[in-house]
Structures are given as structure tokens and as C-alpha cells.
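For reference, the structure discussed in these notes is given below.
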Amino acid sequence: MVGAARNIEPPYFAVIFTSQRTEGDKGYEVMSNKMVELASKQKGFLGIESARDQELGITVSYWDSLESIKAWKENSTHRVAQDKGKREWYKNFSFRVCKVERHRFFEM
């Protein structure tokens, strides 16, 4: 769903999740794919964009409201992934919630 936010009109909200991973997969890829699939079925979900290299991962998910973000954070399956992330997958991470007032895109 890369670029999914292009089809929505501001205002909307973005959750910016940045992370540094621990060594090895330890089930991360399977869970990551499951979380994208599950999030996409949540009320208020608008899209997601993600990139990762050897040092840093950045995932930005887009939502229609702060209430939708809160509901996703509290989703029981997502909470399991969050806990496992803290124990096994991440050296560190941060998340930021932003209101998108306007956007602009360029494409060749």
C-alpha cells in the first residue's frame, strides 16, 4: 500500500514509527506482515508506507482520527507484537503522532 495516502484528503493523522532491530529475524517478518494485514482491517486505517535498511526502519501509518490510532494501539494482537518487539526485535524504537494538514506529491 505504498503511496496510499495520496488518495485521501487532509486533515488526517500519521504515526511515524522508527526502529533499530536486533540481530536475526526471530519471527519478525511474519509478524510484521500480519500486523500490516490486521491494521488494514481496522476502522480508520488509511494506508501505510515503510522502508528499512541495515541500520534503520521507518514505517508511517495513516489514520482518520486519534481515536482510531488509540484503538489500534490497544488491539490485543498488536499488543502481543508490541511486547515481543520490546523483548526480542528492537534495540530501540520511537513513535510520533502527527496531524497532516496538507500534503503534496511529485511523480514523473
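The values are calculated or read from the model by the stated rules, or taken from the named source; none is laboratory data. What you see is a predicted model; the values in this text were computed from it and never measured. Here the Cβ is made from the backbone with ideal geometry for all residues, glycine too, and neighbour counts use every protein chain on show. Note: accessible area is taken over every heavy atom of the protein model, side chains too, but ligands, DNA and RNA are not part of it. Shrake-Rupley method; radii C 1.70, N 1.55, O 1.52, S 1.80 Å.
Taking the options PHE105, PHE13, name whichever one is in a loop (DSSP other than H, G, I, E, B) and hydrophobic (A, V, I, L, M, F, W, C). Step by step, each of PHE105, PHE13 is checked, and only PHE105 is in a loop (DSSP other than H, G, I, E, B) and hydrophobic (A, V, I, L, M, F, W, C). Could you tell me whether the range 45-52 includes any residue that is more than 15 Å from the chain's Cα centre (by Cα) and open to solvent by 90 Å² or more (accessible area, probe 1.4 Å)? Within the range 45-52, not a single residue is more than 15 Å from the chain's Cα centre (by Cα) and open to solvent by 90 Å² or more (accessible area, probe 1.4 Å).
Total residues in the range 21-64 satisfying the condition of being touching a Phe, Trp or Tyr at 6+ places or on another chain (Cβ under 7 Å), of a type outside the set (Val, Ile, Thr) and not in a strand (DSSP E or B): the figure is 6. Restricted to the range 1-40, and to residues there that are among the polar types (S, T, N, Q) and at pLDDT 90 or above, the residue that is surrounded by the fewest Cβ atoms within 10 Å (Cβ to Cβ) is ASN33. So which of LYS73, LYS91 ends up being part of a strand (DSSP E or B) and not hydroxyl-bearing (Ser, Thr, Tyr)? Sole residue among the options that is part of a strand (DSSP E or B) and not hydroxyl-bearing (Ser, Thr, Tyr): LYS91.
Sort out which residues of the range 53-71 are open to solvent by 30 Å² or more (accessible area, probe 1.4 Å) and either within 24 Å of PRO11 (Cα to Cα) or touching a Cys at 6+ places or on another chain (Cβ under 6 Å) (or both), and write them in order of number.
Those that are open to solvent by 30 Å² or more (accessible area, probe 1.4 Å) and either within 24 Å of PRO11 (Cα to Cα) or touching a Cys at 6+ places or on another chain (Cβ under 6 Å) (or both): ILE58, THR59, ASP64, LEU66, GLU67, LYS70, ALA71.
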